[in-house]
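> Got a structure for you, written out below as structure tokens; questions coming shortly.
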Amino acid sequence: MIYELNHFGILVEDIEASLDFYQKLDAKIVFDHTMEGPQVRIVYLQLAGGMIELIFVPGPSEGTRFGIDHLAFMTEDLEGDYERLVRAGCSEDQAPKKAGTGNGTLAFLRRPDGARLELLERDVDFRVPDAGTGLVAGFDHYAYRVDDLGEAHAFFTQTIGMTQLVDTSTADGSFYSIGADVLSLRTSAEESEVFGHFGLRVDDVDRALATLAERGVRPSVPAAEPPSGHGRNAFLADPDGARIELLER
């Protein structure tokens, strides 16, 4: 059974530049491992209660696309859920195997639109208690641009087991949860990437941007009032182009 939305995995070109950027957002390193042999480095960062994974591969192949690579879920039955998602229309990307970090097992699949999903089964929880006392007050959502909202709604509620949050639907999207974190499904063409961004809640967008400016981080999209009317927001871009939304709730 799938029980938790766990993280976005981000392929990074320069791990030190990425760590420097995210630590300016007050991210905490909760796991850091370099695999023997290939020297692939895996770093999990926690931003308030949410997680992202940085993946650094030395000597990446030509044509590697850096940025958000996959969306990961935790499961208690990796092989069973892997087969179930294949039957639901996902294609096999990487069969279940032992994780290179030595922590549990993992598998990858692709949705019909090409979005890459990871399933993880492990006994270790990398998250640490976090009251959100730094720049980020809370982790808000992971964003996924879909072609067919009805199909995606059925897949994530019926196959993954997520719950649609009450009063969150708009003409072009809805929010869903499983575990502590939230997935935003949207059909908006504003973002070209399937995994467009992740959202972080701050108490005051303008004050957060001022603090980040002092740390050398500038917004890629200035603060504004979004069409939804749910408080001000602004966007940052990490060194690999992954977009981060700062928003007031």
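> Mind listing whichever residues of the stretch 133-148 are small (Gly, Ala, Ser) and not in a strand (DSSP E or B)?
Matches in the stretch 133-148: 134, 137.
> Within the stretch 17-48, how many residues turn out to be in contact with a strand residue (DSSP E or B) (Cβ under 6 Å, 6 or more places away or on another chain) and over 18 Å from residue 135 (Cα atoms)?
Number of matching residues: 8.
Yes/no per residue for (1) of a type in the set (A, V, I, L, M); (2) surrounded by fewer than 17 Cβ atoms within 10 Å (Cβ to Cβ); (3) farther than 21 Å from residue 152 by Cβ:
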residue: 44; (1), (2), (3): no, no, yes
residue: 65; (1), (2), (3): no, yes, yes
residue: 88; (1), (2), (3): yes, yes, no
residue: 94; (1), (2), (3): no, yes, yes
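> Right, something else. Quick test of your reading of the structure: residue 49 fulfils all but one of (1) over 18 Å from the mean Cα position of the chain (by Cα); (2) at pLDDT below 95. Name the failing condition by number.
So residue 49 meets the others, but not (1).
> Being without any contact (Cβ under 8 Å) to a residue 40 or more places away in the chain and closer than 25 Å to residue 44 by Cβ narrows it down to one of 117, 85, 78, 106, so name that one.
So the residue among 117, 85, 78, 106 that is without any contact (Cβ under 8 Å) to a residue 40 or more places away in the chain and closer than 25 Å to residue 44 by Cβ is 106.
> Quick one: which residue in 55, 68, 29 is under 16 Å from the mean Cα position of the chain (by Cα) and more than 23 Å from residue 196 (Cβ to Cβ)? Give the derivation first.
On the way: 55 fails: more than 23 Å from residue 196 (Cβ to Cβ); 68 fails: more than 23 Å from residue 196 (Cβ to Cβ).
Answer to the check: 29.
> What are the residues in the stretch 1-28 that are of a type in the set (Asp, Glu) and farther than 27 Å from residue 214 by Cα, if any?
If the condition is that a residue be of a type in the set (Asp, Glu) and farther than 27 Å from residue 214 by Cα, then 4 is the only one that fits.
For (1) touching a Leu at 6+ places or on another chain (Cβ under 7 Å); (2) not in a strand (DSSP E or B), each residue gets a yes or a no:
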| position | (1), (2) |
| --- | --- |
| 68 | no, no |
| 71 | yes, no |
| 84 | no, yes |
| 94 | no, no |
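> Restricted to the stretch 7-42, and to residues that are among the small types (Gly, Ala, Ser) and not in a loop (DSSP other than H, G, I, E, B), which residue is surrounded by the fewest Cβ atoms within 10 Å (Cβ to Cβ)?
Ranking the candidates gives 17 first.
> A further question on this structure: What number of residues in the stretch 177-217 are part of a loop (DSSP other than H, G, I, E, B) and not aliphatic (A, V, I, L, M)? It would help to see each step written out before you state the result.
As a first pass, look at the stretch 177-217 and keep what is part of a loop (DSSP other than H, G, I, E, B): 179-180, 187-196, 202-204, 215-217.
Narrowing the set further to residues that are not aliphatic (A, V, I, L, M) leaves 179, 187-188, 190-193, 195-196, 203-204, 215-216.
Result for the stretch 177-217: 13.
The values are calculated or read from the model by the stated rules, or taken from the named source; none is laboratory data. Since this is a predicted model, take the numbers as computed values, not measurements. Here Cβ is always computed from backbone atoms with ideal geometry, including for glycine, and neighbour counts include all displayed protein chains.
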